[in-house]
Amino acid sequence: MAIVYVDNKPCEMNPEENLLHGCLSNGFKLPYFCWHPALGSVGACRQCAVKQFKDANDRLGKIVMSCMTPAAEGTRISIADPEVVAFRGGIIEGLMLNHPHDCPVCDEGGECHLQDMTVMTGHDYRRYEFDKRTFRNQDLGPLVNHEMNRCIQCYRCVRYYRDYAGGNDLNAFASRDQVFFGRSEDGVLESEFSGNLVEICPTGVFTDKTLKHHYARKWDQQFAPSVCVHCALGCNTDAGERFGTLRRIVNRYNHEVNGYFLCDRGRFGYEFVNSKVRLRQPVLRGRPTSAALARKHLDQTVAEGRAIGIGSPRTSLEANFALRTLVGADHFYSGIADPEAKLVRLMLEILRQGPMRTPTLREIEECDVVLILGEDLTNVAPRMALAVRQSVRQQPMEAVKKLKIPLWLDHGVRDAMQDAKGPLYIATPYRTRLDDVATATFRAAPDDLARFGFAIAHALDSGAPKSQDWPPADEIARALKAAKKPLVISGTSCASEAVIEAAANVAMAAHAALSFTAPECNSIGAALMGGNSLSAAFQAVRDGYADTVIVLENDLYRRAPSAEVDSMLKAAPHVIVLDHLSNPTTEKAELVLPAGTFAESDGTFISSEGRVQRFFQVSVPQIEVMASWRWLKPDHWQNLDDVLRAMGRALPELEAACDAAPSSTFRIAGAKIPRSPHRESGRTAALVNINISEPKAPDDPDSALSFSMEGTPEQPPAALIPFFWSPSWNSIQAVNTYQKEVGGPLRGGDAGVRLFEPAPRNGQPYFSAVPPAFSPRRCEWLLVPMYHIFGSDELSLAAPGIRELTAKPHVALNSDEFAEGAEVEVICADGTFRLPVTIQREMPAGVAALSVGISPVVGISLPAWGKIARPK
Amino acid sequence: MTGNSEKPLTERMRGDGSAVDLEAYELAGGYQAIRKVLRTGMIPMAVTEEVKTANLRGRGGAGFQTGLKWSFVPRGRDVPNPTYLVVNGDEMEPGTFKDRLLMERDPHQLIEGAIVAAFAIEADIAYIFLRGEYTLAAERLARAIAEAYERHYLGKDIFGSSYSLELYLHLSGGRYICGDETGLLNALEGKRANPRAKPPFPVVAGLFGKPTVVNNVETISCVPHIINHGAEWFNGLSKTKDGGTKLYGVSGRVKHPGLWELPMGTTAREILEEHAGGMRDGVKFRGLLPGGSSTPFIVEEHLDTPMDYTEMPKAGSRLGTGTMIVLDNKTCPVGMAWNMTKFFARESCGFCTPCWSGLGWAERILKSMEDGRGQPGDLDKLAFQAKMWSPGNTFCALAPGAADPLETSMKYFREDFERHIREHRCPWS
Amino acid sequence: MLTPEEIAEIEIEAGHYPKREAVCIDALKIVQRHRGWVSDESVRDIAEQLGMSATDVDSVATFYNLIFRKPVGRHVVMVCDSVSCWIMGYDRVKKHLGERLGIEHGQTTSDDRFTMLPIVCLGCCDHAPAMMVDSDLHGDLNPERIDSALEKYK
């Protein structure tokens, strides 16, 4: 650490960083705009000015930008020097010249970085008397709102969108004091990470458009720390609600997982919670009933005869365990279709055994050679794709380091690096959204992808099984061998064990890290929970073994062909279903129990990294909606801790779930942690139209959080942070004050407990089942699944914005037989679908990729052979 | 070249305004410098040293020691290649018209200078970045470049040596900030011409991330003559420490606005009175900007200052481009300040706050003063803004260049500003 | 759609740079030389030719003074309004042109013959005031010289 003198006070700063980073990390209130810990420094806004002195005798000093100056040993600066204070006030004055008086009506108000910095500089008087420049706003789609008059030309938006996220349809236009940030024409922002603009933009130019449907100020919202339910990566979020309506999702910083950013599905998918098709009342034989009666019916039905329970990979460990406890371990069935369950179990075995270690998302950014086998990351594990985009800068940065350019000097680094990137190799059946940063892509059928992986492993280690000679495989092997931090990524998208095994072989041979993607937010947790196979559940009903089938947060029509599900649900004497939204399965239920969503329940997920993380409810649901585990629990479980303890005893591998967050008895100086900022207003007036007596704040027996603004003002541990705020920092920039070093881990450690830390060891046998080469068939196509960030996830599809962005399902292939956009019939064993064609010339012959998850292409088992023909 | 001439830059230029063609240039001794360098086996560092010893300072306005800049270029086999030489022909500083003359009238001089300079820094590729409005220069340079290629003075194995150089002409899309060294690099890369932060310096990571030297047209045009006649001769041409001759210009209400090649260090008075003929009848001298808009005013008491890089700062100003803009007593200083501030505001690239926000504000204040709507606090606001534009406060030198004429016009002509405010009108209108 | 001539010219310039995006400004000027201005369609066409997004091409186009993103007349009159020309009579030149052509800066005559724009210092300061019409420089302007200069441009 270097010693830097700030107003004559010696402070420790990281000499690899700049002075702004050092000052903020030391808690100084130094204003800034264009710098961002994830984006580095460019020196545009000039807000972070300090006075630098040559030595202790220098009285004059000169003004420098702290973000552009290294925190070198012995540096002397002043933040309080009157000349530089006046300068910083002058910068705010310049920014406010054109700024409209929008605060009262601007969504950003109350969490606005511009407001905070204006107050911080003390500038408070408008001298400018001339006209302000104005712009016409653009419609950028359903997720992000555009209000250009508020722009302060800090360039953060285009730097994030283009440089960090790789988008190319947002840029700066014109110049001088009339720079416009937008698209060449109105239209939906194409990047799947556009939503981060609402947190990157320090003013109200880019704001959450979905929040406008039900706006509330940050200080008026009630928050809770949560975990995203829309994929298996487990990005940390904070959910904000008011008066029982979920208002929005914001990023909750986790240094190891999502850092500062989310994907659009995770940020905007939440509106399913407010959906019109939300189940809000128990329904018994088609008629609404009370929670008490519903519970009674559940108990009675289960008590008579044999009840089986089908769990779910999209609900919590606690919910699954409660069901398992209710029906008994022998009668508990996995809610994952057999083929997928097998894949997840295989991945789990590999993660447990090692020796390959699975990295955190942040560690992925630091890997310098990456091989992706079989995954279109942007569509199945979006935040991982964003991490891989940063990883391709690693090797080029080595050359930049030799030029002695500090890595935080963002444009200096990028200008020196130009377009150099990689190496990144992507091997998939179809185009992926990361292809633009790949060194080389390789398109093949799943079996050939597996053979490709086996060939790479063999090229790295002749002891690994061979498939065939393949020059591209040799190139990749060479790159992986020369890497400092190689990484292999694979997963379930190809629905192929061979691909997963091949990826494991490569990682082992290359001594590389290994990441797997998984389909749903608790696929790993559900796999660890175990249970009989889903097909066995169907069989049990067919055999007349089951009198009651309890389906937990699982639309079975997405797991199996509809005919099969129809007959199973018809055959079962009693069908009880718990879920959030009405769906084809709930329609067939005798009893429907409305399950609380992540916003109304507490629970634990295990991510594909093997990180156990807890989410907490943000609002108390209306009386008829309960967390699934509460519907299913035995009487003696009073609160969440009881569930976790019982689960830890019954399933020792899940004991770590108790450590994912402090227990319900945790206190800070005897006080609970408030879910609401201390300025929250109207809590006691919310129900005045019903009852004028002041309602008591609801109790929270399950956590250390309180349902009010009352509680400790101290910063809570990472797993319990409902919102980021600290004095002078109302905006999301307040995260700085929760980190020991800005941009680094949260004080006290980041949330979540990693389950898999295999011991490094030698002599682990390679997988040896090399599949034969793929043989295309003459009149048939091998249908493989293709995933869409907007559409393939069940719950987010019920969010209007996500729905609007969801394309119709289509089939992608390489053929001269069909024209682009032509409608064809895809006929396979599990169904016939009429879909438009997309031509992808690089796809292998005989392979067609089918959009899955979007109605009607649900519940089919792929890969499968099928026919594709013009409709009759 | 013919004799030990006193006017090496302009002596070959024709009275009819046509360009010196290749034959005439060679007849007058052209392309001897590059022949000398390549055929006598001079090494690049030797050429660099000669230029350094000649005290050739950058004629684009900054006045940096050219030979010193060249010596910073990394050399050797490990250096990322190619190395680039970029000739800055983006002459857009208001009041400046010297590079136009050189490019239109003696394009081969520039080309030969570029080849020698490129050799000195071991460059593989050179660009001439020419402002788009200089259409005649574009035509003549293009023709001259083609002629040079035909003779194998450019391309592979120049003069049978192992030195090869590609020279390309690029016409700018039109923006003053392209004249800024790093703004130019971004423009040449096909981008918005925002300047870059230094460090890293272009010699380390410049055009396309490679080692790059950017030099002004006039600077490069001096190079063949230094090689031909030597550094000592070049120093001897000057009246002061900064070597060589200089193209000095005068515009404004003088008898003979024009451009003259004179010894470096000629005084402002001599240029104004002997060459420009002094003020026109009926107007009196009030002040002048010595080197284009981005320089501070000097007034009568400073006119005997030698116009070079070292002496002008003693008068509180800078040599800049060496082309003077004269303010007469029948021209309103506030209007002149407004016109120049408007120029800078319009040309701001929009990257850093004090420039894009402050210049427009200052322009509006000055306009309102001219229109008779000036307010008592205006001069304080203008002074505060000008201070905001100090070097180091802004990202590049555009806004500091705007501060110079504004601050000094308020200093030397303050009473005129105050009259505008007091009398609610422009007293010159 | 770009014409074969435009494409050929662009590709020649593209050969001067190590990456395609670098020829963006040259491409815009080439298309403008053929068509007078750069339309939204041309921006898209250039983007396709260079493998860039339309947004990125337009971001560059809107930065530069000499790229016209709106239609212009058959001839473009660019009047220098920088300091030396201003001292020497820009206001009178502008007034005269305004009267002769009946337009303000940024406007086009109703017969599409001339568009008038301000331009920064043309480097003609010893022959101020000056203007350019298309590629031609006209200095030492007074009403007679302005009128006779404009004559040439039909």
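For the condition outside the structural domain of residue A:453 (by TED's automatic domain parsing), of a type in the set (Phe, Trp, Tyr) and in a strand (DSSP E or B), what is the one hit in A:790, A:767, A:833?
A:833
Show me the helices (runs of 4 or more DSSP H) entirely contained within the stretch C:49-154 in which 2 or more residues are free of Cβ contacts under 8 Å to residues at least 60 places away in the same chain and closer than 19 Å to residue B:347 by Cβ.
Once the helices (runs of 4 or more DSSP H) in the stretch C:49-154 are filtered for at least 2 residues that are free of Cβ contacts under 8 Å to residues at least 60 places away in the same chain and closer than 19 Å to residue B:347 by Cβ, what remains is C:54-61, C:83-88.
Being in contact with a helix residue (DSSP H, G or I) (Cβ under 8 Å, 6 or more places away or on another chain) and within 24 Å of residue B:166 (Cα to Cα) narrows it down to one residue among B:51, B:73; which is it?
Being in contact with a helix residue (DSSP H, G or I) (Cβ under 8 Å, 6 or more places away or on another chain) and within 24 Å of residue B:166 (Cα to Cα) holds for just one of B:51, B:73, which is B:51.
Of the residues A:80, A:72, A:86, which is among the aliphatic types (A, V, I, L, M), more than 31 Å from the chain's Cα centre (by Cα) and assigned to a helix (DSSP H, G or I)?
Only one candidate passes the filter, namely A:86.
For the stretch C:1-20, give me each residue that is touching a helix residue (DSSP H, G or I) at 6+ places or on another chain (Cβ under 6 Å) and in a helix (DSSP H, G or I).
Hits for the stretch C:1-20 are C:6, C:9, C:10, C:13, C:14, C:20.
Could you check the stretch A:697-726 and list, in sequence order, the residues that are under 22 Å from residue A:26 (Cβ atoms) and in contact with a helix residue (DSSP H, G or I) (Cβ under 9 Å, 6 or more places away or on another chain)?
Correct list: A:715, A:718, A:721, A:724, A:725, A:726.
Of all residues in the stretch A:485-525, which are part of a loop (DSSP other than H, G, I, E, B) and charged (D, E, K, R)?
A:485, A:520
Please state which of the following conditions residue C:49 fails to meet, knowing it meets all the rest: (1) more than 9 Å from chain B (Cβ to nearest Cβ); (2) closer than 30 Å to residue B:335 by Cβ; (3) among the polar types (S, T, N, Q).
Unmet for residue C:49, out of (1) more than 9 Å from chain B (Cβ to nearest Cβ); (2) closer than 30 Å to residue B:335 by Cβ; (3) among the polar types (S, T, N, Q): (2).
If you take the residues in the stretch B:130-171 that are assigned to a helix (DSSP H, G or I), aliphatic (A, V, I, L, M) and within 24 Å of the chain's Cα centre (by Cα), which one is farthest from the other protein chains (Cβ to nearest Cβ)?
Only one residue fits best here, namely B:144.
Could you list all residues from the stretch B:199-209 that are more than 9 Å from every other protein chain (Cβ to nearest Cβ) and assigned to a loop (DSSP other than H, G, I, E, B)?
At the first step, the residues of the stretch B:199-209 found to be more than 9 Å from every other protein chain (Cβ to nearest Cβ) are B:201-203, B:207.
Of everything in the stretch B:199-209, those that are more than 9 Å from every other protein chain (Cβ to nearest Cβ) and assigned to a loop (DSSP other than H, G, I, E, B) turn out to be B:201, B:202, B:203.
The rows are residues; the columns are (1) surrounded by fewer than 24 Cβ atoms within 10 Å (Cβ to Cβ); (2) in contact with a Gly (Cβ under 8 Å, 6 or more places away or on another chain).
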position: B:77; (1), (2): yes, no
position: B:90; (1), (2): no, yes
position: B:102; (1), (2): no, no
position: B:114; (1), (2): no, no
position: B:120; (1), (2): no, no
position: B:123; (1), (2): no, no
position: B:129; (1), (2): yes, yes
position: B:133; (1), (2): no, yes
position: B:139; (1), (2): yes, no
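Run down A:513, A:483, A:560, A:540 and say which single residue is modelled with pLDDT of 95 or more, surrounded by fewer than 24 Cβ atoms within 10 Å (Cβ to Cβ) and in contact with a Pro (Cβ under 6 Å, 6 or more places away or on another chain).
Result: A:513 is the single residue among A:513, A:483, A:560, A:540 that is modelled with pLDDT of 95 or more, surrounded by fewer than 24 Cβ atoms within 10 Å (Cβ to Cβ) and in contact with a Pro (Cβ under 6 Å, 6 or more places away or on another chain).
Report whether or not residue B:254 is within 14 Å of chain C (Cβ to nearest Cβ) and modelled with pLDDT of 95 or more.
Spelling it out, residue B:254 is indeed within 14 Å of chain C (Cβ to nearest Cβ) and modelled with pLDDT of 95 or more.
Here is a list of conditions, (1) in the same structural domain as residue A:354 (by TED's automatic domain parsing); (2) surrounded by fewer than 24 Cβ atoms within 10 Å (Cβ to Cβ); (3) among the hydrophobic types (A, V, I, L, M, F, W, C), and residue A:502 meets all of them except one; can you say which number that is?
(2)
Please specify each residue of the stretch B:387-405 satisfying the condition of being touching a helix residue (DSSP H, G or I) at 6+ places or on another chain (Cβ under 8 Å), within 11 Å of chain A (Cβ to nearest Cβ) and either without any contact (Cβ under 8 Å) to a residue 60 or more places away in the chain or part of a helix (DSSP H, G or I) (or both).
B:387, B:388, B:389, B:390, B:391, B:393, B:394, B:398, B:399
Tell me, which residue of the stretch B:310-331 that is over 21 Å from residue B:260 (Cβ atoms) and within 14 Å of chain C (Cβ to nearest Cβ) is surrounded by the most Cβ atoms within 10 Å (Cβ to Cβ)?
The extreme case among them is B:331.
Restricting attention to the stretch A:171-218, report how many residues are of a type in the set (Gly, Ala, Ser) and free of Cβ contacts under 8 Å to residues at least 24 places away in the same chain.
Of all residues in the stretch A:171-218, those of a type in the set (Gly, Ala, Ser) come to A:172, A:174-175, A:182, A:184, A:187, A:191, A:194-195, A:204, A:216.
Right, trim to free of Cβ contacts under 8 Å to residues at least 24 places away in the same chain and you get A:172, A:174-175, A:184.
So the count comes out to 4.
I'd like to check something: does the stretch B:338-346 contain any residue that is more than 12 Å from every other protein chain (Cβ to nearest Cβ), surrounded by fewer than 24 Cβ atoms within 10 Å (Cβ to Cβ) and not aliphatic (A, V, I, L, M)? Show your work before the answer.
Step one: of the stretch B:338-346, the residues more than 12 Å from every other protein chain (Cβ to nearest Cβ) are none.
Checking the stretch B:338-346: not a single residue is more than 12 Å from every other protein chain (Cβ to nearest Cβ), surrounded by fewer than 24 Cβ atoms within 10 Å (Cβ to Cβ) and not aliphatic (A, V, I, L, M).
Given the condition within 14 Å of chain C (Cβ to nearest Cβ), over 23 Å from residue A:267 (Cα atoms) and either assigned to a loop (DSSP other than H, G, I, E, B) or within 26 Å of the chain's Cα centre (by Cα) (or both), answer yes or no: does some residue in the stretch A:190-198 qualify?
Looking only at the stretch A:190-198, we keep the residues that are within 14 Å of chain C (Cβ to nearest Cβ), and these are A:190-191, A:194.
Cutting the leftovers down to over 23 Å from residue A:267 (Cα atoms) gives us none.
No, that holds for no residue.
Looking for whichever is of a type in the set (A, V, I, L, M, F, W, C), touching a strand residue (DSSP E or B) at 6+ places or on another chain (Cβ under 7 Å) and crowded, with 24+ Cβ neighbours inside 10 Å here; the options are B:288, B:259, B:272. Which one fits? Reasoning before the result, please.
Details: B:259 fails: crowded, with 24+ Cβ neighbours inside 10 Å; B:272 fails: crowded, with 24+ Cβ neighbours inside 10 Å.
Result: B:288 is the single residue among B:288, B:259, B:272 that is of a type in the set (A, V, I, L, M, F, W, C), touching a strand residue (DSSP E or B) at 6+ places or on another chain (Cβ under 7 Å) and crowded, with 24+ Cβ neighbours inside 10 Å.
Any chance the stretch B:72-92 includes a residue that's in a helix (DSSP H, G or I), out of contact with any Leu (no Cβ under 8 Å at 6 or more places or on another chain) and over 12 Å from residue B:217 (Cα atoms)?
Residues of the stretch B:72-92 that are in a helix (DSSP H, G or I), as a first pass: none.
The answer is no, given that none of the residues of the stretch B:72-92 is in a helix (DSSP H, G or I), out of contact with any Leu (no Cβ under 8 Å at 6 or more places or on another chain) and over 12 Å from residue B:217 (Cα atoms).
Scan the stretch A:1-21 residue by residue and report those that are touching a helix residue (DSSP H, G or I) at 6+ places or on another chain (Cβ under 8 Å), in contact (Cβ under 8 Å) with a residue 24 or more places away in the chain and closer than 11 Å to residue A:77 by Cβ.
Of everything in the stretch A:1-21, those that are touching a helix residue (DSSP H, G or I) at 6+ places or on another chain (Cβ under 8 Å), in contact (Cβ under 8 Å) with a residue 24 or more places away in the chain and closer than 11 Å to residue A:77 by Cβ turn out to be A:4, A:6, A:13, A:19, A:20.
Working only within the stretch A:620-655, note down all residues that are assigned to a loop (DSSP other than H, G, I, E, B) and either in contact with a Phe, Trp or Tyr (Cβ under 8 Å, 6 or more places away or on another chain) or among the hydrophobic types (A, V, I, L, M, F, W, C) (or both).
A:620, A:623, A:625, A:627, A:637, A:651
Taking the stretch B:183-209, which residues are surrounded by fewer than 24 Cβ atoms within 10 Å (Cβ to Cβ) and polar (S, T, N, Q)?
Residue satisfying the conditions is B:186 alone.
Of all the residues that make up the stretch C:1-50, how many are among the charged types (D, E, K, R), farther than 26 Å from residue B:125 by Cα and within 19 Å of the chain's Cα centre (by Cα)?
4
Looking only at the stretch A:818-838, how many residues end up being surrounded by 15 or more Cβ atoms within 10 Å (Cβ to Cβ), over 14 Å from residue A:786 (Cα atoms) and touching a Ser or Thr at 6+ places or on another chain (Cβ under 8 Å)?
Final tally of qualifying residues: 4.
Of A:83, A:73, which residue is of a type outside the set (A, V, I, L, M) and either free of Cβ contacts under 8 Å to residues at least 40 places away in the same chain or in the same structural domain as residue A:208 (by TED's automatic domain parsing) (or both)?
On inspection, the qualifying residue turns out to be A:83.
The values are calculated or read from the model by the stated rules, or taken from the named source; none is laboratory data. Predicted model only: the values in this text are computed from it and were never measured. For neighbour counting, all protein chains shown are included, and Cβ atoms are generated from backbone atoms with ideal geometry for every residue, glycine included.
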